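Have a look at the structure below, then the notes.
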Amino acid sequence: MAVPMGPPDVLMIANSSLGWQDFAPPGFNPGMKLAVISGDPSKPGAYTLRLQFPAGYRFPVHWHPGAENLTVVSGTFQLGMGNTADYSALKNYGPGDYIYIPPRHAHFGGSASTGPSVIQLHGMGPFQVIVGPPTS
């Protein structure tokens with residue numbers, strides 16, 4: 001639940017009050033969860049959201065039309081770049097690590113088998129997930 005603190009444009013949200021929902025874009029396996037922190041990712045404009053991945057989760061090669069600003073919140077998040085998924089090439093990122101992914105850059109990854117991970121994304125919407133490598 002959002003708690004107004006001070007001026008009306010200040011937003012503070014406790015981690016414990018995030019509203020998680022199942023999130024499975026076409027081509028993704030079930031198990032991922034999403035919590036919107038601010039904005040509306042389906043519309044033009046700024047958004048901030050979190051994604052939660054269960055231990056061992058893998059997501060396929062995909063890309064986004066807009067830039068992605070990614071910060072690892074908890075766990076070991078794994079990411080690889082490229083048009084073909086090579087899960088042996090994943091790199092591990094931990095809490096506090098930041099990754100910038102430019103528009104139209106294909107990537108794949110998931111969460112380490114040792115436990116779940118949570119990432120926070122922010123960018124300019126609409127947030128779209130397109131499975132496969134970008135085409136011309």
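The values are calculated or read from the model by the stated rules, or taken from the named source; none is laboratory data. If you're wondering where the values come from, they're calculated on a predicted model, not measured in any experiment. So basically every Cβ, Gly included, is an ideal-geometry build from the backbone, and we count neighbours across all protein chains shown. For accessibility, only protein heavy atoms count, side chains too; no ligands or nucleic acids. Shrake-Rupley method; radii C 1.70, N 1.55, O 1.52, S 1.80 Å.
Of the residues MET81, MET124, ranked by 1.4 Å probe accessible area with the largest first, the sequence reads MET124, MET81. Protein heavy-atom accessible surface, 1.4 Å probe, per residue over the chain: 53 Å².
Expressed as a whole percent, the accessible area of the chain that falls on carbon and sulfur atoms is 58 (1.4 Å probe).
Near the amide H of ALA112, within less than 5 Å, lie the amide hydrogens of GLY56, THR76, GLN78, all on another chain or at least 5 residues away, with H placed in the peptide plane.
Selection among ALA85, LEU11, ILE101 by position relative to the dipole of the chain gives ALA85 as farthest towards the positive end (Cβ unit charges, Cα centre).
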